[in-house]
Amino acid sequence: MMSHSTGFPQNPFPRLALPAVAALLSMHTPALAQKTDVVTLNNGDDVTGEVKELKRGKLKFSTDAMSTVYVEWPKISTLVTEGKIFEVELEDGTTYFGTLRAAEEADQIRVLVAGDTTTVSTHDIVRLARIKKSVWDQIDGSFDLGFDYTQENDKLDFSLSSDVNYKWGLNDIKWNLGITLSRQEGATDINKLNTTLLYLRQFGYKWFWTGLTSVESNTQLSLDVRGSFGAGVGRFMIQTNKVILALAGGAAYARERFTDQEADNLGQAFVLTDFQFFSWGDLDTDLSSRLVIIPVFTESGRVRLHFQTKLRREFVNDLYFSVGVTESYDSQPADPDAATNDLTFSTSIGWSF
């Protein structure tokens, strides 16, 4: 659920910050396009280029001599950005908006907005996101494609999944899609669909409101369709440049229909945990896991569960190989002949953007 966005200070956007942001974003002089940012490494070397973003413990930095490079954040002492405004997020959930300047002491950065200056520890920063005018510049995500064929039993498996994230200010929208098709001679086809749209709005240190809507279908569980929407509250329990752990809970309404059954309305709760781990190196390795537990109020004793974990290893810049496990469980499906669980192992090739 949660490609990551975190908290903010008690007054995250000072009264004078809005005019400053508007003024900076309205400038279209050639100077803003020049690579005039400076990154100072721990060994004292300065590198000139353009700061793009800090995400998952790596700074994306564009240079003329080396094109775009990724620098591990603990190797950076400080940095300076010219004419650009960034959202600066700290490990404790505090967020500032401003341009960046070197501090008098090593391993510190000054954040400047409308004449106000705040000095923060460089290594307390977990994310830098440039405030941009273009919506497309604020979108990132990934796309996975899997294909397996077994000649012995003429079995064909196809999977497609995608994650898209759009963040602006204190708001975050995440969209997830997963499709699985399985065909085998002499057996019933298996089709699965799961798509979720999630909205997050930060309101305090590491706390957020969330609203979500989802649609799912699974012939393995005799589920024709289930649509749901709900709202709740959550908190980032851990957020560093290597680990993110978030918890959320709330209430939701769902309408579902099983094969040869009448549609039913459901009142339910949800408890969600989202875990992400990132490794660094020339090629990245990421581990992500999500568990959703859904007690159904309107049907005594019924509990649904959805678990997904994925290990992703980059083999070329922005291209990766992944393996994953997905488990869906329903203690009391409406169709008594339907399976109560569905376990899936998957492999795929993906591209991140």
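So, GLY249, is that one surrounded by 18 or more Cβ atoms within 10 Å (Cβ to Cβ), modelled with pLDDT of 90 or more and small (Gly, Ala, Ser) or not?
no
Restricting the search to the range 74-102, which residues are among the acidic types (Asp, Glu) and over 14 Å from ASP37 (Cα atoms)? Spell out how you get there, then give the answer.
To start, the set of residues in the range 74-102 that are among the acidic types (Asp, Glu) comprises 82, 87, 89, 91-92.
Passing the criteria: GLU87, GLU89, GLU91, ASP92.
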* Hits in the range 252-267 (condition: exposed (fewer than 14 other Cβ atoms within 10 Å of the Cβ) and among the acidic types (Asp, Glu)) -> ASP260, GLU262
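This table checks each residue for (1) closer than 29 Å to ASP286 by Cα; (2) in contact with a strand residue (DSSP E or B) (Cβ under 9 Å, 6 or more places away or on another chain); (3) surrounded by fewer than 16 Cβ atoms within 10 Å (Cβ to Cβ).
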position	(1), (2), (3)
ASN43	yes, yes, yes
GLY57	yes, yes, no
ASP92	yes, yes, yes
GLY98	no, yes, no
VAL113	no, yes, no
ASP124	yes, yes, no
ARG127	yes, yes, no
LEU145	yes, yes, yes
* Asked: Being under 16 Å from PHE307 (Cβ atoms) and of a type outside the set (D, E, K, R), is that true of even one residue in the range 227-245?
  -> yes
* Asked: Quick check: anything in the range 187-205 at pLDDT below 90, within 19 Å of the chain's Cα centre (by Cα) and assigned to a loop (DSSP other than H, G, I, E, B)?
  -> yes
* **Residue tally, condition touching a residue at least 40 places away in the same chain (Cβ under 8 Å) and touching a helix residue (DSSP H, G or I) at 6+ places or on another chain (Cβ under 6 Å), over the range 168-206** => 0
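Is it true that some residue in the range 212-233 is assigned to a strand (DSSP E or B), under 16 Å from the mean Cα position of the chain (by Cα) and either at pLDDT 90 or above or crowded, with 18+ Cβ neighbours inside 10 Å (or both)? Spell out the reasoning first.
Taking the range 212-233 first, the residues assigned to a strand (DSSP E or B) are 212-218, 223-233.
So of that shortlist, the ones also under 16 Å from the mean Cα position of the chain (by Cα) come out as 212.
Applying the additional criterion that residues be either at pLDDT 90 or above or crowded, with 18+ Cβ neighbours inside 10 Å (or both) yields 212.
Scanning the range 212-233, I find at least one residue that is assigned to a strand (DSSP E or B), under 16 Å from the mean Cα position of the chain (by Cα) and either at pLDDT 90 or above or crowded, with 18+ Cβ neighbours inside 10 Å (or both), so the answer is yes.
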* Asked: Residues that are closer than 26 Å to PHE353 by Cα, basic (Lys, Arg) and out of contact with any Gly (no Cβ under 8 Å at 6 or more places or on another chain): which strands (runs of 3 or more DSSP E) entirely in the range 49-147 hold 2 or more of them?
  -> 58-63, 125-130
* Structure fact -> Those residues of the range 326-353 which are of a type in the set (A, V, I, L, M) and modelled with pLDDT under 90 amount to ALA334, ALA338, ALA339, LEU343
* Could you list, in sequence order, all residues of the range 268-286 that are surrounded by 14 or more Cβ atoms within 10 Å (Cβ to Cβ), free of Cβ contacts under 8 Å to residues at least 60 places away in the same chain and of a type outside the set (S, T, N, Q)? => ALA269, PHE270, VAL271, PHE275, PHE277
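The values are calculated or read from the model by the stated rules, or taken from the named source; none is laboratory data. What you see is a predicted model; the values in this text were computed from it and never measured. Don't worry about glycine lacking a Cβ; one is built from the backbone with ideal geometry, like all the others, and counts go over all protein chains shown.
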